[in-house]
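S.K.: Below is a structure I'd like to ask you about.
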Amino acid sequence: MLIMNAEEFNDLILAIKTNQKKRLDLSQHEWNQEQINTILIALKVNTSITLLNIKNVPLTTAENINLLSFIIRNNTSITSLTLGMNFAVDYLLTPLVKNIAESIKRNNTLLNFHLYYSNQDFDDIQEEYKFITFLLKGLKYNHSIKHFLLNYYIEPQHDLFPVLYKPMQEISMYKTPNFDNVANVDSALPTVIAGVIKHNSTIEYLDLRGNFFCDMQKIALSLMKNVTLKNLNLRGNAIDCAGASFLAKMLSVNNTLQNLNLQYNSIKSEGAALLLFALRGLSPDEGSQETIERNAALKSLQLDANQIENKEISIDIHGDQKFKQPLLTSSVVFLKDNANLQCLTLSLNPMWQENKRNQLALTGMYQKQLHAITVRNRYQTERKGLCLYYLCMQKSKSKIRGSIINIIPNILTFSNDVNVSQERKFIYDFENYIKKIPRK
């Protein structure tokens with residue numbers, strides 16, 4: 001932790017009072033209570049700061065807690081707020097801290113709210129869970145926040161840190177996460193989060209990575225009725241096949257969610273098959289009056305670093321009718337008529353770690369087919385955007401071709417390398433399409 005000298009501190013206070021700062025991150029410094037009090041008093045009159053991060057800043061006096069509550073309730077410039085490990089155990093369940101929850105409820109300018117919780121003394125973790133539930137109840141009826149992150153805080157040196165925060169492309173080998181030194185999740189916490197999902201009408205991005213929610217039933221049920229959430233991150237939650245089955249049922253009726261991150265969980269082949277089956281583009285049998293529910297919104301499904309093998313799975317389609325095929329074969333069948341999924345990642349799963357040459361060839365073949373499906377869907381989406389862009393340009397085709405070259409790598413973003421000849425053909429097809437668009 002950094003320590004600020006007196007001159008630097010005075011300059012900071014002056015900058016806050018005179019509206020010279022737009023971002024204030026206090027999490028990297030060590031502060032005494034007098035300094036914290038001075039900063040919070042300065043924030044009461046500030047009208048320029050849009051980002052406030054006070055993670056790891058101790059608020060151990062009633063005056064400081066009241067000041068923070070006042071700022072959250074009355075400030076009209078802060079749009080991004082980060083809290084975490086701020087309150088001593090003696091204050092966690094007092095009316096002072098409950099006022100912060102009420103302030104979050106009444107705030108109408110916050111767009112991003114990040115909340116971290118942890119306790120090195122696990123005897124007190126249940127008290128902190130209760131405090132988190134107070135804040136979540138305030139969030140439940142907030143009408144401005146669009147991005148909410150709730151994380152069990154992990155130190156950078158902890159073994160679990162790469163699992164939760166390191167980009168997948170930087171991880172070369174799957175390592176089973178060790179959750180032994182993590183406190184057990186309070187059973188009430190997923191219930192309260194489910195209430196937030198069910199009742200909050202503004203949150204579009206919900207990041208729940210690293211909360212170790214094994215049971216997805218209540219969260220999945222609440223998502224069935226949610227019509228605003230577009231992005232859900234459940235990375236590192238120890239979700240198993242039972243949890244995946246609840247999420248699959250949710251996907252079959254939810255047509256709002258666009259991105260679902262399930263990396264670093266404990267989902268096996270059966271659970272993955274249920275998720276992919278929920279995304280199928282199959283139509284009802286001819287002459288059948290039964291309507292098959294399926295997802296028509298999800299664009300990205302990330303299943304990296306689970307326990308998925310390419311073994312034969314069995315899926316119930318209609319009553320006694322079963323679908324029995326190896327997972328990758330089933331995936332291609334389920335997704336071949338899906339027109340929405342643009343990104344499916346399955347890296348760091350056992351299916352790619354088989355030593356048998358024929359197995360590698362088989363998985364490689366189906367990998368290309370799944371890749372082709374997602375590329376096709378991205379091609380359709382981006383092509384519409386390019387058409388609009390071209391019509392706005394009205395003249396030079398050379399400029400639109402330049403934009404094609406820039407857009408293509410984004411379209412072909414995938415967990416595996418893209419074949420160069422495929423990319424060239426893609427660009428060629430794209431340019432031919434653009435040539436056929438009539439000029440105004």
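S.K.: Within segment 33-40, does at least one residue satisfy the condition of being outside any loop (DSSP other than H, G, I, E, B), hydrophobic (A, V, I, L, M, F, W, C) and in the same structural domain as Tyr129 (by TED's automatic domain parsing)? Full working, then the answer.
M.R.: Going through segment 33-40, the residues outside any loop (DSSP other than H, G, I, E, B) turn out to be 33-40.
Now narrow it down to the ones that are hydrophobic (A, V, I, L, M, F, W, C): 36, 39-40.
Subset that is in the same structural domain as Tyr129 (by TED's automatic domain parsing): none.
No.
S.K.: Within segment 102-115, identify whether any single residue is over 20 Å from Leu136 (Cβ atoms) and either modelled with pLDDT under 95 or not assigned by TED's automatic domain parsing to the domain that holds Tyr152 (or both), and answer yes or no.
M.R.: Taking segment 102-115 and keeping what is over 20 Å from Leu136 (Cβ atoms), we get none.
Within segment 102-115 (the criterion being over 20 Å from Leu136 (Cβ atoms) and either modelled with pLDDT under 95 or not assigned by TED's automatic domain parsing to the domain that holds Tyr152 (or both)), the answer is no, since none of the residues qualifies.
S.K.: Which residues, taken from segment 126-160, are part of a helix (DSSP H, G or I), among the aromatic types (Phe, Trp, Tyr) and in contact (Cβ under 8 Å) with a residue 60 or more places away in the chain? Quick ask: steps written out before the conclusion?
M.R.: Going residue by residue through segment 126-160, those that are part of a helix (DSSP H, G or I) are 126-140.
Still in the list and also among the aromatic types (Phe, Trp, Tyr): 129, 131, 134.
Passing the criteria: only Tyr129.
S.K.: Name the pairs: first residue in segment 308-323 and more than 17 Å from Arg280 (Cβ to Cβ), second residue modelled with pLDDT under 60, Cβ to Cβ under 7 Å, at least 6 apart or on different chains?
M.R.: Listed by first residue and then by second, the contacts come to Asn310/Thr363.
S.K.: Name the residue that is farthest from Ser77 (Cα to Cα), counting only residues in segment 37-55 that are in contact with a strand residue (DSSP E or B) (Cβ under 7 Å, 6 or more places away or on another chain) and not charged (D, E, K, R). Even if it seems obvious, please write down each step before you answer.
M.R.: Within segment 37-55, the first condition is being in contact with a strand residue (DSSP E or B) (Cβ under 7 Å, 6 or more places away or on another chain), and the residues that meet it are 49-55.
Now restrict to residues that are not charged (D, E, K, R): 49-54.
Details: Ile49: 6, Thr50: 5, Leu51: 9, Leu52: 10, Asn53: 14, Ile54: 16 Å.
Per the stated criteria, the residue is Ile54.
S.K.: Restricting to segment 15-60, give me the number of residues that are without any contact (Cβ under 8 Å) to a residue 24 or more places away in the chain and surrounded by 12 or more Cβ atoms within 10 Å (Cβ to Cβ). Write out each step before concluding.
M.R.: Going through segment 15-60, the residues without any contact (Cβ under 8 Å) to a residue 24 or more places away in the chain turn out to be 15, 18, 32, 34.
With surrounded by 12 or more Cβ atoms within 10 Å (Cβ to Cβ) added as a condition, the list becomes 15, 18.
Of the residues in segment 15-60, 2 are without any contact (Cβ under 8 Å) to a residue 24 or more places away in the chain and surrounded by 12 or more Cβ atoms within 10 Å (Cβ to Cβ).
S.K.: Starting from residues that are in contact with a strand residue (DSSP E or B) (Cβ under 9 Å, 6 or more places away or on another chain) and crowded, with 22+ Cβ neighbours inside 10 Å, keep the ones in segment 237-256 and report whichever is nearest to Gly195 (Cα to Cα). Break it down stepwise before answering.
M.R.: Filtering segment 237-256 for residues in contact with a strand residue (DSSP E or B) (Cβ under 9 Å, 6 or more places away or on another chain) gives 240-241, 244, 247, 251.
Right, trim to crowded, with 22+ Cβ neighbours inside 10 Å and you get 244, 247, 251.
Details: Ala244: 20, Leu247: 17, Leu251: 18 Å.
Looking at the filtered set, the residue picked out is Leu247.
S.K.: Sticking with this structure for a sec: Got a sec? Which of Ile203, Ile197 is within 16 Å of the chain's Cα centre (by Cα), part of a loop (DSSP other than H, G, I, E, B), buried (at least 18 other Cβ atoms within 10 Å of the Cβ) and at pLDDT 90 or above? Lay out the reasoning, then the answer.
M.R.: On the way: Ile197 fails: part of a loop (DSSP other than H, G, I, E, B).
The match here is Ile203.
The values are calculated or read from the model by the stated rules, or taken from the named source; none is laboratory data. All figures in this text were calculated on a predicted structure; none of them were measured in a lab. Cβ: placed from backbone, ideal geometry, glycine included. Neighbour counts: every protein chain shown.
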